[in-house]
Amino acid sequence: MTERGSARATLALVTDDFAELPRPSGEFRPDGPLGWQGYDAARARAAGRTGEEESVVCGTGHVGGVRAVLTAFEFGFLGGSLGERTGDRLEAAYTYAREHRLPVVPLVATGGSRMQEGMLALTQLQRAARQSELTRRAGLAQIAVVRDPTTGGGWATLGAGADVTLALPGAQVGFAGSRVRPPDADPAAYTAEAQVAAGSADAVVAPGELRDTLALWLRLLTSPSADPAPPPRPLGATGLPDTGWDAVRRARSPRRPRAGAYLDAYFTRRVALSGDRCGGTDPGGMLCGFGEHEGRTVAYAAQTGTATRPAGYRTAARLIRLADRLGIPVLTLVDTPGAANDGEAERQGVGPAVADLFGAVAAAGTPVTTLVIGEGGSGGALALAAPGNTWATPDSYFSVIAPELAAAILKRPPGEAPAIAGQLRIRPQDLAELGVIRGLS
């Protein structure tokens with residue numbers, strides 16, 4: 001388990017100039033709204049131990065040159081639990097962020113809602129969720145850092161509900177706290193590392209790297225641009241294929257540059273968005289994130305040349321919707337033989353996942369640019385392609401279906417696949433002539 005840091009220590013870890021916001025006024029009734037015997041004494045003991053008057057400290061500070069609103073939970077104050085005054089402070093902080101157009105960084109460490117305030121404490125989760133949603137609608141980024149521990153409603157609102165979720169290594173992270181889990185629950189499932197593996201958080205970041213990582217995320221997510229991302233230059237073959245089958249073989253060549261090479265050449269630095277927030281990841285099939293290209297931020301979703309899993313499509317849809325809200329242009333790289341079509345993919349909802357990505361691309365107000373860098377296999381590839389702004393490299397193809405499968409559907413022998421590839425007109429130059437793509441990159 002990671003070492004627990006106080007709210008102030010965590011703030012000092014990420015910013016040098018933290019300035020606390022004015023605290024909302026208000027008086028508690030004796031022993032709180034429920035008259036819980038001993039509550040005042042418990043609060044006084046917590047204040048004496050921590051030097052804080054409440055379980056959250058809210059203010060502003062610069063992280064890597066970007067000014068942000070930061071809300072840091074103090075776990076030493078009644079387990080970082082949320083009560084009415086916590087809700088007052090959070091609401092005031094989010095309101096300030098919207099009024100001053102600042103991103104929000106929740107530094108979460110909480111055990112959940114405060115027992116001594118009963119249902120009035122639990123309803124603070126609704127207040128927190130509303131403030132987060134209003135800030136999201138305002139087009140402001142929210143980057144959460146989940147510390148040890150982050151459980152209960154604090155995880156389910158401010159942590160998992162952020163646009164990007166970073167976690168400290170070894171932190172206890174989960175909806176169920178340690179005292180309310182089934183006795184046979186696997187403790188490894190309630191960790192920062194497990195949440196990243198399940199697609200519920202984006203990355204585990206060591207404390208010594210947190211400031212730089214958070215600063216990079218903030219710089220990238222607070223740099224909107226209305227101009228489309230230019231398509232990358234081709235990294236592979238330059239001459240056009242002679243036949244359709246030629247195009248297929250070149251696109252399937254193991255020597256052809258893949259997404260990683262294109263992203264490395266295109267971006268000076270980048271950070272990865274990981275997970276579909278529905279329990280899945282597809283790191284081998286879809287790479288998503290934000291990067292810096294020629295001094296401005298571009299979001300990217302890139303297929304890697306394998307069959308794309310449902311989680312990959314959902315992660316790409318999440319990426320595009322986030323970029324759209326923040327006004328950041330998107331680059332997509334198409335390279336897949338098609339969507340995964342095994343039984344497990346069907347059970348994981350591959351159809352709805354592809355549909356969701358089609359919808360995200362269609363609805364995007366931010367410009368989307370697509371480059372086909374390899375195989376463009378049917379709808380599983382088309383879902384990632386920008387209508388009217390798709391380009392192709394000389395060693396790529398785009399087809400309604402793979403030539404071999406087309407032969408099977410047409411009840412022709414497998415040996416006719418090369419001839420069918422020609423009939424399908426899948427070469428880059430064919431696609432340009434048909435108006436399917438804008439041109440060759």
task = For the range 265-326, just say rounded, prolate or oblate: build the C-alpha gyration tensor, square-root its eigenvalues into a ≥ b ≥ c, call rounded for a/c under 1.5, and beyond that prolate if a/b exceeds b/c, oblate if not.
result = oblate
key: Additional length obtainable on full extension of the chain from Arg8 to Ala355, 0.36 nm per residue less Cα span   = 120.4 nm
Helix-derived mean residue ellipticity, 222 nm - over the chain, DSSP H n ≥ 4, -39500 (n - 2.57), to 500 = -10500 deg cm²/dmol
remark   = Check: C-alpha center the range 231-300 vs C-alpha center the range 14-49, spacing in Å is 51 Å
key: Zone of Arg249's modelled label, taken as backbone nitrogen in the range 328-368 under 19 Å from a point 7 Å along Cα→Cβ   = none
ask   = When the accessible area of the chain is computed with all protein chains present and a 1.4 Å probe, what percentage of it is carbon and sulfur?
value = 55 percent
ask   = Is the shape of the range 34-137 best called rounded, prolate or oblate, per the rule: a/c under 1.5 gives rounded, else a/b larger than b/c gives prolate, else oblate, with a ≥ b ≥ c the square roots of the Cα gyration tensor eigenvalues?
value = oblate
ask   = Rounded if a/c is under 1.5, else prolate if a/b is larger than b/c, else oblate: which is the range 140-277, with a ≥ b ≥ c the root eigenvalues of its Cα gyration tensor?
value = prolate
ask   = What do you reckon, how do Val248, Val400 stack up by accessible area (1.4 Å probe), largest on top?
value = Val400, Val248
ask   = If contacts are Cα pairs under 8 angstrom and at least 6 residues apart, what is the relative contact order of the chain in percent?
value = 11 percent
key: Residue-normalised accessible area of the chain, expressed per residue, 1.4 Å probe, Å²   = 41 Å²
ask   = Based on the inverse mean of 1/r over its pairs of different Cα atoms, what is the Kirkwood hydrodynamic radius of the chain, in Å?
value = 23.4 Å
note = Taking 0.36 nm per residue of separation between Asp31 and Glu209 and subtracting their Cα-Cα distance, the length gained on full extension comes to 59.9 nm
note = Taking a crude spin-label model, label points 7 Å out from Cα along the C-beta direction, the Arg45 to Thr238 distance in nm is 7.6 nm
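The values are calculated or read from the model by the stated rules, or taken from the named source; none is laboratory data. Here the structure is a predicted model, which means the values were calculated and not measured. A quick note on method: Cβ atoms are made from the backbone with ideal geometry, for glycine too, and the neighbour counts reach across all protein chains shown. We work out accessible area using only protein heavy atoms, side chains counted, and drop any ligands, DNA or RNA first. Shrake-Rupley method; radii C 1.70, N 1.55, O 1.52, S 1.80 Å.
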